[in-house]
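Undergrad: Sharing a structure, written as C-alpha cells. Questions coming.
Please treat every number below as a calculation from the coordinates, not as lab data. The model shown is predicted, which means the values in this text are computed figures rather than measured ones. Using ideal geometry, Cβ is built from the backbone for each residue, glycine included, and neighbour counts are taken over all protein chains shown.
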Amino acid sequence: MRRFVLLGHPVGHSISPAIQGAAFDEMGLDWTYEAIDVAPGELSGAVDRLRNGIWRGANVTIPHKQAVIPLLDELAESAAHTSTVNTIVRDDNRLVGHNTDLPAFLKDLGTNFDLTSDVRPDIDLEAEQNNRAAGLDAPGPGTGLILGGGGAARSVAFGLAQQGLNLKLIARTMHSARALAEDVVRKTSVDVAVLPWECDSFAEARRDCALIVNATPVGMLPHEQSTPWPDEIALPEKAFVYDLVYTPSETRLLRDARLAELSTASGAGMLIEQGALSFELWSGMRAPRRTMRAAFEQALKSSTSISGDREVLNA
Ligand code: NAP
C-alpha cells in the first residue's frame, strides 16, 4: 500500500482526498490519500516525515507552495521556472518538487478561451519581437489582468507569459507582486505592470484587458457575496473572466461577468487537472479524469449541503 498526503494550512474540507481516492479506486490501486493541517512552523518536520518514508508523495497548498522549496532535493523544470511547488514525488529518500498548477491552468483556460485568436487576433509575433528589439512599444493587444500576487498568481502569470501575453497585476501586498513581476520579466519576454489594490487601478486596467484572472480567495465560500472587482467600476466591455475559486461554482465575480455578457470559467477544471497531473507523476499511469470530475462534483455537493459547514476549500 502507498500513502499520499496533502500538506496545507488550513486543509479542513479539501476536495483532493475525494478526487485522488476515486482515481486510486478506479485504477485498482491499494493507495490512500490524506490531508493534514501543517502550520508554517511544522512544515520542515512534515517534509522530514515524507523523506523518511511514511508517504510516497505529496501535494502542497496554501501557505507552503514557496516555503517548501528549500526543503526539497531537486526541482523539476515546472517548479524551478515558477518558484512554486504543489506536487512532491519521493524517489527513495530524494524529494523532487513539481508544479502542476501551471499546465492545469493553461489547459483549462485553453478549453474555454483561445489565447491566440481571442487576445491577439491581429498580432504578428515576429514583428512584435522586432519592435521590442528596436525599443519600440508593441502594438496594443489585450493584456492579461491578474488579481492577487500569491502562489496561484505566480503559476497564472508564468502560464500567460509563456503564451506571450503582457500582464497587469493588481495586488494588495505590492512587494510580493513586484517580486513576481520582476521574476516574470527576467525569465520571459513579456511586460508586467503592477498596480495597487485601488479603484483607479481597476479603472485603468479595464481599458485594454482581454482576460481577467482572479487569483485571490475573494468570493470563496463562506464569503460568496464578496467580489474582487469594485462595484463602482464597470467590468470591461469584452474580456474573458476566469476565477480560480471553485466554491461556489459560480462566484459573484463570475455572475456579474455573465450578467455583463462576458464569457467565464471557474477554477474547477484547473483543480481536477492539477490533481490528474499529480496522479500521473506518482503512478506513471494516465489519470481517470472523468472519475475524478465525478468525485469532485459529489464532494462539492456534500460539503456545501451540510448546513452551517461551509469552510474554505484550498486544494
Ligand atoms: P495565497 O498564496 O495565500 O495568495 C492569495 C493572494 O490573494 C495574495 O496576493 C493575497 O494578498 C490576496 N488576497 C487575499 N485576500 C484578499 C483581499 N481581501 N483583497 C485583496 N487581495 C486579497 O493563495 P493562492 O495559493 O495564491 O490561492 C489563491 C486562490 O486561488 C485561493 O482561493 C485558492 O483556493 C485558489 N486556487 C485554486 C486553484 C485551482 O486549481 N482552481 C489552484 C490554486 C489556488 P496578500 O498577500 O495581501 O494577503
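Undergrad: FRET efficiency for ASP200 and ILE62, Cβ-Cβ distance as r, R0 = 30 Å, nearest 0.05?
TA: Numbers: r = 29 Å, r/R0 = 0.96.
Computed FRET efficiency for ASP200 and ILE62 comes out at 0.55.
Undergrad: From the Cα gyration tensor of the chain, with a ≥ b ≥ c the square roots of its eigenvalues, which class applies: rounded if a/c is under 1.5, or else prolate if a/b is larger than b/c, or else oblate?
TA: Working: a/c = 1.83, a/b = 1.43, b/c = 1.28.
Cα axes put the chain in the prolate bin.
Undergrad: Rank ALA80, ALA276, ALA265 by mean-square fluctuation in a GNM of the chain with C-alpha springs under 10 angstrom and give only the top-ranked residue.
TA: ALA80
Undergrad: Have a look at the DSSP beta bridges in the chain and tell me what percent are antiparallel, nearest 5.
TA: On the way: 8 of 43 bridges.
Roughly 20 percent of the DSSP beta bridges within the chain come out antiparallel.
Undergrad: Still on this structure, please answer the following. When a footprinting reagent is the concern and you count Cβ atoms within 10 Å, what order do SER189, SER155 take, fewest first?
TA: Values: SER189 12, SER155 27.
In increasing order of surrounding Cβ atoms, one gets SER189, SER155.
Undergrad: For the residue pair LYS107 and LEU259, what label-to-label distance in nm results when each label sits 7 Å from Cα along the Cα-to-beta-carbon direction?
TA: 3.5
Undergrad: Moving on to the next point. Figure the gain on full extension for MET285 and ARG3 (residue separation times 0.36 nm, minus the Cα-Cα span) and round it to one decimal in nm.
TA: On the way: separation 282, 0.36 × 282 = 101.52 nm, distance 1.66 nm.
Gain in length upon complete extension: 99.9 nm.
Undergrad: Which of LYS65/LYS238; LYS187/LYS238; LYS107/LYS238; LYS65/LYS301 have a Cα-Cα distance over 24 Å? Don't jump to the answer; show the numbers that get you there.
TA: Working: LYS65/LYS238 33 Å; LYS187/LYS238 29 Å; LYS107/LYS238 22 Å; LYS65/LYS301 27 Å.
Over 24 Å Cα-Cα: LYS65/LYS238; LYS187/LYS238; LYS65/LYS301.
Undergrad: Going by how many other Cβ atoms sit within 10 Å of their own, how do GLU77, GLU204 line up, fewest first?
TA: On the way: GLU77 9, GLU204 16.
Going from least to most buried by this count: GLU77, GLU204.
Undergrad: If each DSSP helix of 4+ residues adds -39,500 (n - 2.57) and the sum is divided by the residues in the chain, what number results at 222 nm, nearest 500 deg cm²/dmol?
TA: On the way: 11 runs with 121 residues, N = 315.
Estimated from H runs of four or more residues: -11500 deg cm²/dmol.
Undergrad: Suppose a student asked you for the relative contact order of the stretch 163-315, using Cα pairs under 8 Å spaced at least 6 residues apart; what percent would you report?
TA: On the way: 195 pairs, mean separation 24.3, N = 153.
With pairs under 8 Å counted, the relative contact order is 16 percent.
Undergrad: Helix 268-283 versus the longest principal axis of the chain: what angle, 0 to 90°, nearest 10, using Cα atoms?
TA: Relative to the chain, helix 268-283 is tipped by roughly 50 degrees.
Undergrad: Continuing with the same structure: List the extent of the Cα atoms of the stretch 142-211 along each of their three principal axes, largest first, rounded to whole Å.
TA: Per principal axis, max minus min of the Cα coordinates gives 30, 25, 17 Å.
Undergrad: For each of THR87, THR61, count neighbouring Cβ atoms within 10 Å of the residue's Cβ, then give the residues from fewest to most. Working shown, then result.
TA: Details: THR87 26, THR61 23.
In increasing order of surrounding Cβ atoms, one gets THR61, THR87.
Undergrad: Any idea what angle helix 16-26 forms with the longest principal axis of the chain, computed on alpha-carbon atoms, 0 to 90 degrees, nearest 10?
TA: The answer is roughly 60 degrees.
Undergrad: Hey, what did the chain get for relative contact order, percent, Cα under 8 Å, at least 6 apart? Numbers along the way, then the final one.
TA: Values: 597 pairs, mean separation 58.3, N = 315.
Once normalised by length, the contact order is 19 percent.
Undergrad: A further question follows. Considering every pair of different Cα atoms, what Kirkwood radius, in Å, is found for the stretch 1-94?
TA: Values: mean 1/r = 0.0736 Å⁻¹.
Roughly 13.6 Å, rounded to one decimal.
Undergrad: Kirkwood Rh over alpha-carbon pairs of the stretch 166-315, then Stokes-Einstein at 25 °C and 0.890 mPa s: what D in µm² s⁻¹, rounded to an integer? Mind showing how you got there, number by number?
TA: Numbers: Rh = 17.2 Å.
Translational diffusion coefficient: 143 µm²/s.
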